[in-house]
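Enquirer: Pasting in a structure now, in structure tokens, and then I'll have a few things to ask.
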Amino acid sequence: MSEKARILLIDDHQTVFRLLEAIVRIKGYTLLYAESGQQGIVMTRQEQPDLVLLDVMMPDIDGFKVCQYLQENDDTKEIPIMFLTARGADGDLEAGRKAGADGFMTKPFQTMEVLKQIERLLANK
């Protein structure tokens, strides 16, 4: 995968965006940002990012439904999705798998661990 990979973060907290932007910039990746599930669906279809990082708890559409929609849509089903969420119970992990996610990481996360997961998913694309 090119050093110029484009990653879309779908999360309703801008602080997560600012933190992740600094982290992915280390590898030369570009981070796009959507503040809601609906906006994230639209941006994923328009921008065709190389990877989607997705929160579960959002004010409009929860991340599980966003993931399921993206996995069922021909335009977006090949884009890897990793949940990045504060919800890490076994039921949440199972719901993420059922929705079609390629990875699951809980907040707070370690910089090197999130980079390792991002690189793994980009390499497998």
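Enquirer: Which of the residues belonging to the stretch 43-63 are part of a helix (DSSP H, G or I) and in contact with a Leu (Cβ under 9 Å, 6 or more places away or on another chain)?
Expert: Step one: list which residues in the stretch 43-63 are part of a helix (DSSP H, G or I), which gives 43-47, 63.
Met43, Thr44, Arg45, Glu47, Gly63 - these are the residues of the stretch 43-63 that are part of a helix (DSSP H, G or I) and in contact with a Leu (Cβ under 9 Å, 6 or more places away or on another chain).
Enquirer: Could you list, ordered by first residue, the pairs with Cβ atoms under 8 Å in which the first is in the stretch 37-48 and over 13 Å from Asn73 (Cα atoms) and the second is of a type outside the set (Ser, Thr, Tyr) and in a helix (DSSP H, G or I), at least 6 apart or interchain?
Expert: Cβ pairs passing all conditions: Gly37/Gly63; Gly37/Lys65; Gly37/Val66; Gly40/Val66.
Enquirer: From the set of residues in the stretch 69-125 that are among the aromatic types (Phe, Trp, Tyr) and touching a Leu at 6+ places or on another chain (Cβ under 6 Å), which is surrounded by the most Cβ atoms within 10 Å (Cβ to Cβ)?
Expert: Phe83
Enquirer: Also, quick follow-up: Somewhere in the stretch 60-71, is a residue free of Cβ contacts under 8 Å to residues at least 12 places away in the same chain and over 15 Å from Leu122 (Cα atoms)? Full working, then the answer.
Expert: Step one: filter the stretch 60-71 for residues free of Cβ contacts under 8 Å to residues at least 12 places away in the same chain, giving none.
No.
Enquirer: Could you figure out which of (1) in a helix (DSSP H, G or I); (2) under 14 Å from Leu115 (Cα atoms) isn't true of Met82?
Expert: With (1) in a helix (DSSP H, G or I); (2) under 14 Å from Leu115 (Cα atoms) applied to Met82, the lone miss is (1).
Enquirer: Now a separate question. Within the stretch 96-117, can you find the residues that are over 16 Å from Val24 (Cβ atoms), part of a helix (DSSP H, G or I) and among the aliphatic types (A, V, I, L, M)?
Expert: Within the stretch 96-117, Ala99 is the sole residue that qualifies.
Enquirer: Then there is this: Can you tell me which residue within the stretch 87-125, out of those that are out of contact with any Ser or Thr (no Cβ under 9 Å at 6 or more places or on another chain) and β-branched (Val, Ile, Thr), is modelled with the lowest pLDDT?
Expert: That would be Thr111.
Enquirer: Hey, another quick one. Across the stretch 64-79, which residue is nearest to the chain's Cα centre (by Cα) among those that are part of a loop (DSSP other than H, G, I, E, B) and not acidic (Asp, Glu)? Before the answer, list the steps.
Expert: Of the residues in the stretch 64-79, the ones part of a loop (DSSP other than H, G, I, E, B) are 73-79.
Restricting the remaining residues to those that are not acidic (Asp, Glu) gives 73, 76-77, 79.
On the way: Asn73: 16, Thr76: 13, Lys77: 13, Ile79: 10 Å.
For the stretch 64-79, the residue satisfying everything is Ile79.
Enquirer: Specify the residue that is nearest to Asp92 (Cα to Cα); the eligible residues are those in the stretch 20-62 that are aliphatic (A, V, I, L, M) and surrounded by fewer than 16 Cβ atoms within 10 Å (Cβ to Cβ).
Expert: If we filter the stretch 20-62 for residues that are aliphatic (A, V, I, L, M), which is where we start, we get 20, 22-24, 26, 31-32, 34, 41-43, 51-54, 56-58, 61.
Applying the additional criterion that residues be surrounded by fewer than 16 Cβ atoms within 10 Å (Cβ to Cβ) yields 22, 26, 42, 57.
On the way: Ala22: 27, Ile26: 30, Val42: 24, Met57: 11 Å.
The extreme case among them is Met57.
The values are calculated or read from the model by the stated rules, or taken from the named source; none is laboratory data. Just so it is clear, the model here is predicted, and its values are computed rather than measured. Neighbour counts run over all protein chains shown; Cβ positions are idealised from the backbone, glycine included.
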